[in-house]
Structure formats: C-alpha cells, structure tokens
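The values are calculated or read from the model by the stated rules, or taken from the named source; none is laboratory data. These numbers come from a predicted model, not from an experiment. Every residue, glycine as well, gets a Cβ built from its backbone with ideal geometry; the counts of neighbours run over all protein chains shown. We work out accessible area using only protein heavy atoms, side chains counted, and drop any ligands, DNA or RNA first. Shrake-Rupley method; radii C 1.70, N 1.55, O 1.52, S 1.80 Å.
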Amino acid sequence: SRDVASHAPRMPSRSKLLEAVRPFMFLVPEVAKPASSKGIQIREKLLWTVGVLAVYLICCQLPLFGVTASESSDPLYWLRVIIASNRGTVMELGISPIVTSGLIMQLLSGVRIITYDQNLKEDRALFNGATKLLSMIMTLVEAVVYVASGMYGPVSEIGFFISAALVVQLFIAGVICILLDELLQKGYGIGSGISLFIATNICETIIWKSFSPTTVNVGRGTEFEGAVISLFHLLLTRSD
C-alpha cells in the first residue's frame with residue numbers, strides 16, 4: 001500500500017501567484033448561478049439570450065460622449081469583425097479584453113506558472129475570478145491606450161475631462177460585456193457570449209450595409225449607404 005501511495009498522481013497545488021489575487025476578489029462583480037437545481041427552462045434561456053443580445057446591440061449603437069464624427073479611415077476596420085466592436089460607440093473595445101485575458105491565463109496555466117486543482121471548486125472559482133479581474137484590468141488598459149494614442153483626437157485638444165470621460169465609458173461598457181458573457185456561461189442563456197457577440201456583430205453589419213438609409217457622397221453624387229436601397233435608388237433616378 002505504501003508503494004501504491006508513492007506512485008499515486010500528485011494533485012497540483014495552488015500557485016502563490018493565484019493565491020495573491022484572493023484579496024482583490026471583492027473588486028470583481030459576479031453573476032449568481034440559477035437558484036433552481038433543475039436549471040432554467042429553454043423558453044427562459046431564449047428570453048435571457050435575446051435580452052443579452054439586445055443590450056449588446058444597444059451598446060453597439062450608443063455613441064461615446066465627447067466624440068465627434070470622424071471622416072478618417074478606421075485603422076481597426078478589419079479587426080472589428082473578430083473582436084465584435086463598433087467604432088465610436090461604447091462597445092469600441094468589444095470582446096478583446098475577454099479574449100486577451102483568457103489567452104494570457106491559459107498560457108500561464110499551460111507553462112505551469114499558475115497551477116491549481118481543477119477538481120476543487122474553490123480553486124476553479126479563484127482561477128475564474130482571477131481571469132475576470134485580468135479582463136477588467138485589460139479593459140482599463142485598452143481604454144487608456146485608445147484615448148492616449150489619439151483614437152478620438154489628440155488629448156491636448158479634447159481636454160482632460162473628455163479624455164477621462166471616454167476612459168470611464170469604455171471601462172463601464174467593458175465590464176458590462178464581461179458580465180453579459182458570464183451570464184450566458186452560468187447557464188442563463190444559450191451558447192457562448194463571445195460566439196454570439198461575434199455572430200450578432202456580423203449580422204448587424206450585413207443588415208446595416210444592405211438597408212442603411214444614410215446618404216454618402218463618393219464623387220458620383222448622393223448615394224445611399226445600404227446596397228439594396230442604393231440599387232433601387234439608382235434604378236429610379238439614373239437613365240444610364
């Protein structure tokens with residue numbers, strides 16, 4: 001029996017780095033699990049999922065306070081599909097803080113810098129809390145970098161108050177995005193928040209680019225931004 005005990009797999013101990021995060025867990029907001037032991041019915045899950053996506057879409061259309069419309073090209077245009085973000089809105093950061101923090105924590109866990117016992121509920125909760133805390137830190141860092149890099153104009157021109165307001169807006173929206181993702185992961189909704197946000201962002205872009213009533217001028221006169229509306233407009237107004 002002594003030989004069997006000596007050859008038994010040793011459970012990984014909790015790393016000091018993960019233990020050091022424990023005093024800061026009170027800063028991390030948390031979504032409670034469903035109270036019912038049977039879970040949530042499919043109809044309620046559909047309602048929760050629709051509600052989460054509605055909040056996300058509203059954030060994608062809610063403009064940032066202090067930002068004026070810019071005619072310059074978007075340097076992150078092709079990346080926004082992946083990070084599910086929308087330029088000039090409170091959802092400017094999208095899911096990038098969530099994805100970045102998740103990759104960092106998985107990398108640290110893979111190289112054994114962070115170790116924990118996945119069979120212990122307390123260890124799993126601490127690891128998930130540390131991941132969420134890192135997501136909030138990444139949200140704040142990205143918000144500061146966006147504003148300081150001149151994404152919304154030089155800081156010297158827009159002023160300190162507007163710059164601080166932009167950082168606060170981006171941070172709050174980022175925390176809301178984190179909580180929406182956790183809400184679905186806890187079993188209230190259907191699927192993964194990250195996947196749903198990306199799919200919703202793509203669908204929104206397709207619909208907007210097809211039926212947008214916004215007019216633009218690209219040197220050939222006034223045209224509608226939406227492809228379908230622009231097609232019928234050109235058929236009716238041009239003889240050539």
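What are the residue pairs meeting all of these: first residue in the range 96-116, first residue among the charged types (D, E, K, R), second residue modelled with pLDDT under 90 and assigned to a helix (DSSP H, G or I), Cβ atoms under 8 Å, and 6 or more apart or on different chains?
From the range 96-116, no pairs qualify.
Pull up the range 47-61, narrow it to residues that are in contact (Cβ under 8 Å) with a residue 24 or more places away in the chain and open to solvent by 90 Å² or more (accessible area, probe 1.4 Å), then point me to the one that is nearest to the chain's Cα centre (by Cα).
Only one residue tops the list, namely GLN61.
Identify, by number, the condition in (1) part of a helix (DSSP H, G or I); (2) over 25 Å from ILE58 (Cβ atoms); (3) among the small types (Gly, Ala, Ser) that ALA165 doesn't meet.
The one condition ALA165 does not meet is (2).
When the range 138-162 is examined, which residues are found to be over 17 Å from the mean Cα position of the chain (by Cα) and part of a helix (DSSP H, G or I)?
The answer is VAL147, ALA148, VAL155, SER156, GLU157, ILE158, GLY159, PHE160, PHE161, ILE162.
Could you tell me whether ILE176 is free of Cβ contacts under 8 Å to residues at least 12 places away in the same chain and either of a type in the set (Lys, Arg) or surrounded by fewer than 20 Cβ atoms within 10 Å (Cβ to Cβ) (or both)?
Criteria not met by ILE176.
Limited to the range 7-54, what total is found for residues that are assigned to a helix (DSSP H, G or I) and either at pLDDT below 75 or more than 25 Å from ILE113 (Cβ to Cβ) (or both)?
Going through the range 7-54 one residue at a time, the tally reaches 13.
Among the residues of the range 85-122, count how many are charged (D, E, K, R) and touching a helix residue (DSSP H, G or I) at 6+ places or on another chain (Cβ under 8 Å).
3
Quickly run through the range 71-120 and pick out the residues that are within 23 Å of LEU53 (Cα to Cα), of a type outside the set (Asp, Glu), open to solvent by less than 30 Å² (accessible area, probe 1.4 Å) and assigned to a loop (DSSP other than H, G, I, E, B).
ALA84, SER85, GLY88, VAL90, MET91, LEU93, GLY94, ILE95 - these are the residues of the range 71-120 that are within 23 Å of LEU53 (Cα to Cα), of a type outside the set (Asp, Glu), open to solvent by less than 30 Å² (accessible area, probe 1.4 Å) and assigned to a loop (DSSP other than H, G, I, E, B).
The conditions are (1) in a helix (DSSP H, G or I); (2) among the hydroxyl-bearing types (Ser, Thr, Tyr); (3) over 19 Å from the mean Cα position of the chain (by Cα); (4) surrounded by 19 or more Cβ atoms within 10 Å (Cβ to Cβ), and SER135 fails exactly one of them. Which is it?
SER135 satisfies every listed condition except (3).
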